[in-house]
Amino acid sequence: MDAKASNSRHSNEDRIGVLEELLNERYSVRAFLPKEVDRATIEHVLTTAQRTASWCNSQPWQVVIASGEAKERFRQLIYKEASGGLGDDYDFKPPREYVGVYLDRRRESGFQLYNTLGIARGDKMAYAKQALENYNFFGAPHVAIIHTNEPLGIYGAIDCGAYVSNFMLAAQALGLGTIPQAALARHSGLIRRHFNLADDRRVVCGISFGHADDSHKVNSYRTSRASVADTVTFIDK
Ligand SMILES: Cc1cc2nc3c(=O)[nH]c(=O)nc-3n(C[C@H](O)[C@H](O)[C@H](O)COP(=O)(O)O)c2cc1C
């Protein structure tokens, strides 16, 4: 059956066109301008992302957004812990291993990043230095921490993942750049203490956001995606 026409003023063609444009444009920004985003624009992103679907409409996401001096205090703390080699304090287990095609994709995106920055293959010192930029929030003026409710388990985290996607698309639509950061969740204990999160909250990831620095080379490459044929199995009979 054909898709039902919506009640929107816009044609389905226009609507999917806008969505495709946003999805195709969005990329993980790893260099931001220091310029702050006004509160009304941030609230517009948040209001839009609130429409995210969740299991039983539980809406488990809670978000702390640090800006200005609060961001700077948090940056100093988390940077210190990360650069001191401390951390590995995830609330959710990180991937155990990347194997097969997942390892290939991880490598491809990693080499794209390093090649763009002129980092030689195998230069582990330079890899580590670039990884530490996570804890400078890549220069972003704002950082959001997304946390969920422990009893909701992995599905609460999935709901938060959907929220993160919608947050990024809403930000993209309003001219902002974003980067989701599991690297911040590596320091969940510090985050819980610093932001006084309740004991039943679990850190999923961060999102640094602001205005992309379009002149920075790190923002100049785009990652690939597998085809639908590589991803979907249709079963008709
Ligand atoms: C849940 C999640 C966590 C991520 N964590 C990090 C991170 O800690 N640091 C980082 O540089 N990129 C991080 N990324 C960005 C991914 O590397 C990026 O989305 C992927 O390579 C695809 O590239 P694109 O976002 O530019 O399309 C994360 C992405 C997701 C969805």
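Please treat every number below as a calculation from the coordinates, not as lab data. Remember, predicted model here, so these are calculated numbers, not experimental data. Counting neighbours? That spans all protein chains shown, and the Cβs are built from the backbone with ideal geometry, glycine included.
Looking at (1) in a loop (DSSP other than H, G, I, E, B); (2) free of Cβ contacts under 8 Å to residues at least 24 places away in the same chain, which one does Leu103 not meet, given that it meets all the others? Against the list (1) in a loop (DSSP other than H, G, I, E, B); (2) free of Cβ contacts under 8 Å to residues at least 24 places away in the same chain, Leu103 comes up short only on (1). When Leu132 is tested against (1) surrounded by fewer than 23 Cβ atoms within 10 Å (Cβ to Cβ); (2) in contact (Cβ under 8 Å) with a residue 40 or more places away in the chain; (3) in contact with a strand residue (DSSP E or B) (Cβ under 9 Å, 6 or more places away or on another chain), exactly one condition is not met: (3).
Within the stretch 17-62, being within 16 Å of the ligand (Cβ to nearest atom) and either surrounded by 16 or more Cβ atoms within 10 Å (Cβ to Cβ) or basic (Lys, Arg) (or both) holds for Arg26, Tyr27, Ser28, Val29, Arg30, Ala31, Phe32, Ala49, Thr52, Pro60, Trp61. Cβ-Cβ distances below 8 Å connect the following pairs, each with a first residue in the stretch 178-190 that is closer than 13 Å to Ala82 by Cα, a second residue that is buried (at least 20 other Cβ atoms within 10 Å of the Cβ) and among the polar types (S, T, N, Q), and a separation of six or more residues or different chains: Ala183/Asn134; Leu184/Asn134. Pairs, please: C-beta under 9 Å, at least 6 apart or cross-chain, first residue in contact (Cβ under 8 Å) with a residue 40 or more places away in the chain and in the stretch 157-175, second within 11 Å of the ligand (Cβ to nearest atom) and part of a helix (DSSP H, G or I)? From residues that are in contact (Cβ under 8 Å) with a residue 40 or more places away in the chain, the pairs are Leu169/Leu23; Gln172/Leu23; Gln172/Glu25. Inside the stretch 66-88, residues that are β-branched (Val, Ile, Thr) and surrounded by fewer than 17 Cβ atoms within 10 Å (Cβ to Cβ) make up a count of 0.
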